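FYI, it's all coordinate maths here, none of it is from the lab. Everything quoted here is computed from the prediction, not taken from an experiment. Glycine gets a Cβ as well: all are built from the backbone with ideal geometry, and neighbour counts include every protein chain shown.
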Ligand SMILES: [Zn+2]
């Protein structure tokens, strides 16, 4: 059967497909890169789908991790400090500022044609003087609703992110990260976190961070009803927090397939989670071979970038093998490991 179905995610079976379409191999990597860097911006009807890790070839353009609208990276020193080597030694490339895609969002989005960027100028609507419950509260946490695809500190930093776990490769990935003193962010499927709380706690104990990646990994995520999206987001978060133990922080939400909308971004933010995109799609889920995974990073990474890989959703042996080479390469290029911006 086709790998890419819209059925609930089934990581343990190893048959599931992480979020993206297999289809787009022929599409321009350059476009994908730029598009992703631009946060899977609008024009990427196709590329974005690939780049944004959408699951089905038929998936309609989603806003994707678009318009990171990330503020210019702040100076180091804040809590989420980079780890590892920081010296900008031997820059492999000129160091353009971390991708600052324009904030335009895909206009094709059926649900959220509006830019994700908040409109602070809009006066808050006054609640009607009635007893009816107000609509879902806007973020009270102060978390930005825009999709971020850059690191917290910018400069020559990189954020590694692993989706669809915890899975069979998570332990090996943690071993490698420890070996190189690297930190990463794990975007977890709620039930899988619940099924393996020990590894969730190991992730936290090692100083890594957690991200909500829904309960069932349904796609296209944006096509779900609002209530279902809220449930997917909030229930997974609860499961991850329970698995991690008291005080567990889940700072980001990554929509399956990058299926962000202004609405679900708002929901995530209301739970204190910043919508998380990426700027480099390794497409490791497609098992393109270790050289291809490495090449994607070497070609697409810019300082302040966020790399998308997977520790669950199937056989991730290529991911592990690629990471074994990628970590020393990043260090050799002077990259420090950081977390995504919040
Ligand atoms: Zn995923």
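List of remarks:
- Top-ranked residue of the range 154-178 - restricted to ones that are in a helix (DSSP H, G or I) and in contact with a strand residue (DSSP E or B) (Cβ under 7 Å, 6 or more places away or on another chain), ranked as nearest to residue 335 (Cα to Cα): 177
- The lone exception for residue 336 - which of (1) surrounded by fewer than 24 Cβ atoms within 10 Å (Cβ to Cβ); (2) away from the ligand (no atom under 16 Å from the Cβ); (3) under 29 Å from residue 146 (Cα atoms) it fails: (1)
- Some residue of the range 216-234 being closer than 19 Å to residue 160 by Cβ, within 15 Å of the ligand (Cβ to nearest atom) and buried (at least 24 other Cβ atoms within 10 Å of the Cβ): no
- Summed over the range 306-329, the residues that are away from the ligand (no atom under 16 Å from the Cβ) and in contact with a helix residue (DSSP H, G or I) (Cβ under 8 Å, 6 or more places away or on another chain) give a count of 11.
- Within the range 251-293, being surrounded by fewer than 24 Cβ atoms within 10 Å (Cβ to Cβ), closer than 18 Å to residue 211 by Cβ and within 16 Å of the ligand (Cβ to nearest atom) holds for no residue.
- Search result, residues across the range 180-198 that are more than 21 Å from residue 340 (Cα to Cα) and more than 16 Å from the ligand (Cβ to nearest atom): 194, 195, 196, 197, 198
- Residue check for residue 208: buried (at least 16 other Cβ atoms within 10 Å of the Cβ) and under 19 Å from residue 174 (Cβ atoms): yes
- Condition check for residue 241: more than 15 Å from the ligand (Cβ to nearest atom) and crowded, with 22+ Cβ neighbours inside 10 Å: no
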